[in-house]
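This report refers to the structure that appears directly beneath it.
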Amino acid sequence: MHHHSWPARYSPQQLSRRLSKAIDNDTIVPYFQPLVDLRSERISSFEVLARWHDQRLGTIPPEVFIPFAEREGLLDPLCLGLVARACEQAASWPGDFKLSVNVTPLQLQRAKLTGQLIDRVVDSGFPISRLQVEITETALFSDMSIALEEIERLKCLGVGLVLDDFGAGVAGLHRLQSFPFDTLKIDANFVRSLDSREASRKIVAAIIDLGHSLGMRIVAEGIEEHTQASCLIALGCDLGQGWLFGRPQPATETLRLLKERGISPVPQKPARQHHRLLELRTLYTQLPMALGFYDETLGHVDSNALFRQEMPHANRLDERRLDQLLPPPMSQACHQWHQRLRQGDDTAFGCSLDASGTSRLDAHPVRDEDGVLVGVSVIIARH
């Protein structure tokens, strides 16, 4: 950091003392910026941001004092104090929103810090499973083997992992594969140029598809215009963050906003179904069996070539539900079975596809980790 970023009349030593005192006295306070579901604009989570107003220095921007704190060895106590205060304030707020805190990869390599972070959250009364740790892509260059151990430790406790500013650095696919990220945040520079640059729209679309294929939720940062939000919705983005939905605010204003806006009813991991379908698609293309997958309404999602050869009226797979393609005696039985599935029944369904009984269809319900029906897997076998 360059010293000219600070008022010239203060030496680095004086600034270090002021910052250290501010950390000790908890005068660096948490502000909360909402992340909202793009379709409902209801709040899904908050990012915790540090704000510092010093009596002598005035308001110091975080892009100035945070690098200074890191250089002076003060970043760990700053982070721990900020997390503790934010979680204490948010613990009594209504809803099951999440809190995201920024941690550097170097911090994650310190097991002691990870333990202290967990202790602060637990002591605050805020559920540890609703905490998210954000890591900036541009920082993912050093040896992360130690950090991975700490990340797995956090993941075992239910802590979410967010990759911030994706697209701004060169971490690439190998980092996405190496780390168990739950959420991917698109760099704000791409979002701001959505209206003016076709290349940005293509990049954003590719990032959204990539993240979804890996089972992640996608957040677009830096949204300031309704046209940007509309474009992101059309591209399939899940969440938005930016001045259009709310600037960073102190706790009192954030609580008011939370009560006005409400909590997003969207499940925290909607991409799991998409991820599951991609895994099934890989299996379908590799196995020498007639396999198909239908969604929770019995609408056709995907199938392999053998399935399309064996299924009656295969040329209408995408036009009709599964029960509508079966022979009349079995069509009603399949429809009734589907109704029972939606009520929680987990039995399989089977029927013959021809009078001789040589071709048999078997359908099995597929449910996610919460027991919600996400589809039906279908096998056709010849005897």
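The values are calculated or read from the model by the stated rules, or taken from the named source; none is laboratory data. Remember, it's a predicted structure, so these values are computed and weren't measured experimentally. For neighbour counting, all protein chains shown are included, and Cβ atoms are generated from backbone atoms with ideal geometry for every residue, glycine included. Accessible surface is based on the protein model in full, side chains and every heavy atom, while ligands, DNA and RNA are left aside. Shrake-Rupley method; radii C 1.70, N 1.55, O 1.52, S 1.80 Å.
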(message) Can you work out the Karplus-derived ³J(HN,Hα) for every residue in region 191-201? Use 6.51 cos²θ - 1.76 cosθ + 1.60 with θ = phi - 60°, whole Hz, and x for glycine or proline.
(response) 5, 5, 9, 4, 6, 10, 10, 5, 4, 5, 5
(request) Apply the Karplus parameterisation 6.51 cos²θ - 1.76 cosθ + 1.60, with θ equal to phi minus 60°, to every residue of region 225-232 and state each ³J(HN,Hα) to the nearest whole Hz, in sequence, with x for glycine and proline. (result) 10, 4, 5, 5, 4, 4, 5, 5
(request) Beyond 21 Å between alpha-carbons counts as too far, so tell me which of Lys98/Lys202; Lys98/Lys185; Lys98/Lys155 fall in that bin. (result) Lys98/Lys202
(request) Please list, in chain and number order, the residues 5+ apart from Gln249 or on another chain whose amide H is under 5 Å from its amide H, with Hs placed from the backbone. (result) Phe32, Gln33
(message) As an exercise, use a Förster radius of 51 Å and the Cβ-Cβ distance of Lys259 and Ser331 to find the FRET efficiency, rounded to the nearest 0.05.
(response) 0.55
(request) Name all residues of region 20-58 having a backbone nitrogen under 18 Å from the label point set 7 Å from the Cα of Lys112 along its Cα→Cβ direction, giving them as ranges. (result) 24
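Would you please classify the overall shape of region 294-358 from the alpha carbon gyration tensor, given that a ≥ b ≥ c denote the square roots of the eigenvalues, rounded means a/c under 1.5, and beyond that prolate means a/b larger than b/c while oblate covers the rest?
Values: a/c = 1.84, a/b = 1.25, b/c = 1.47.
Oblate, because a/c is 1.5 or more while a/b does not exceed b/c.
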(message) For a quick check: with amide H placed at 1.01 Å from N, whose amide H comes under 5 Å from Asp54's, ignoring anything fewer than 5 positions away on the same chain?
(response) Thr59, Ile60
(request) Just grab the label-to-label distance for Asp26 and Gln55, each label 7 Å out from Cα along the Cβ direction, in nm (one decimal). (result) 1.8 nm
(message) Quick query: amide H of Leu353 versus all other amide H atoms, modeled in the peptide plane; which residues come in under 5 Å with a sequence gap of 5 or more or a different chain?
(response) Ser359, Arg360, Leu361
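How much of the accessible area of region 14-151, in percent, comes from carbon and sulfur atoms when a 1.4 Å probe is used? Intermediate results must be reported in sequence, preceding the final value.
On the way: 2830 of 5870 Å².
The computed percentage sits at 48.
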(request) Rounded, prolate or oblate: pick one for region 26-143, where a ≥ b ≥ c are the square roots of the eigenvalues of its C-alpha gyration tensor, a/c under 1.5 means rounded, and failing that, prolate if a/b is larger than b/c, else oblate. (result) rounded
(message) Applying a 10 Å radius around every beta-carbon, put 293-303, 19-29 in order of their mean neighbour count, most first.
(response) 293-303, 19-29
